[in-house]
Amino acid sequence: MQSKNPSSADNQQERSKEFLRGYVTGLVDGEGSFHIAFGKRDELPLGISIIPEFHLSQNQESKKVLEITQKFLGCGHIKANHRLSNDKTYVLVVRDKIDLVTKVVPFFEFNQLLTEKRKDFQIFAQIVRMVSLGHHRELKYVEEIINLAYQMNGGGKRRIRSKQELFKLLKSSTTICQSPDLAG
């Protein structure tokens, strides 16, 4: 007769998975970031690209936890954080839009962050979904994505371009695309 209680091995395996979920969540709460990068791309109709990124960094001696996290999430790649400097940290990077929408976002929706990073993640998840729906190709949504992204990570203090610069890039590229002289 089979017992209704799961075996000890099954319980131990489940506890191990639960521990890893909590470990990864806590690690990201302390050392991770959710970021939306913007690139000037003249060949694109709106003139900019939108690149959602998840990062988790560790020093060289702790690179193993990045490998564990990469394996646990099932995505991303590990690289030197700043190849051209004396910085000896490594970073796990997930940029693939499918991995972000099917692995990273669901993981952190289920395993919620406890710090202020939670707000950044919620905005990040919203933008990732907008991009996955193709909204990054429409001006009104790109403007909304820019506004949302500049609410993240301290309001964009450390960004290379100001929000106004991005809007100017957008406006100039859409003006060129919609110029009546070029339409005919």
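The values are calculated or read from the model by the stated rules, or taken from the named source; none is laboratory data. If you're wondering where the values come from, they're calculated on a predicted model, not measured in any experiment. Using ideal geometry, Cβ is built from the backbone for each residue, glycine included, and neighbour counts are taken over all protein chains shown.
Observations, loosely collected:
- Cross-chain or 6+ apart pairs with Cβ under 9 Å, the range 118-144 first and without any contact (Cβ under 8 Å) to a residue 40 or more places away in the chain and more than 13 Å from I98 (Cα to Cα), then exposed (fewer than 15 other Cβ atoms within 10 Å of the Cβ) and basic (K, R): H135/R129
- Candidate set: the range 128-148, residues that are of a type in the set (A, V, I, L, M) and part of a helix (DSSP H, G or I); chosen: the one nearest to the chain's Cα centre (by Cα): V128
- Test: residue in the range 99-117 that is modelled with pLDDT under 90 and either part of a loop (DSSP other than H, G, I, E, B) or of a type in the set (K, R) (or both): no
- The range 22-49: number of residues that are over 16 Å from N153 (Cα atoms) and hydrophobic (A, V, I, L, M, F, W, C): 5
- For the range 153-165, the criterion of being under 16 Å from the mean Cα position of the chain (by Cα), at pLDDT below 95 and polar (S, T, N, Q) is met by at least one residue.
Residue-wise test of (1) in a loop (DSSP other than H, G, I, E, B); (2) over 30 Å from K140 (Cα atoms); (3) within 19 Å of the chain's Cα centre (by Cα); (4) not charged (D, E, K, R).
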| residue | (1), (2), (3), (4) |
| --- | --- |
| D42 | yes, no, no, no |
| L46 | yes, no, no, yes |
| F54 | no, no, yes, yes |
| K63 | no, yes, no, no |
| T69 | no, yes, yes, yes |
| C75 | yes, yes, yes, yes |
| I78 | no, yes, yes, yes |
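- Taken over the range 106-121, the criterion of being out of contact with any strand residue (DSSP E or B) (no Cβ under 9 Å at 6 or more places or on another chain) and either crowded, with 18+ Cβ neighbours inside 10 Å or among the aromatic types (F, W, Y) (or both) is satisfied by F107, F110.
- Any hit, the range 82-92, residues being touching a Gly at 6+ places or on another chain (Cβ under 9 Å) and assigned to a strand (DSSP E or B): yes
- Among the residues of the range 1-33, just one is farther than 17 Å from N59 by Cα, of a type in the set (S, T, N, Q) and modelled with pLDDT of 90 or more, namely T25.
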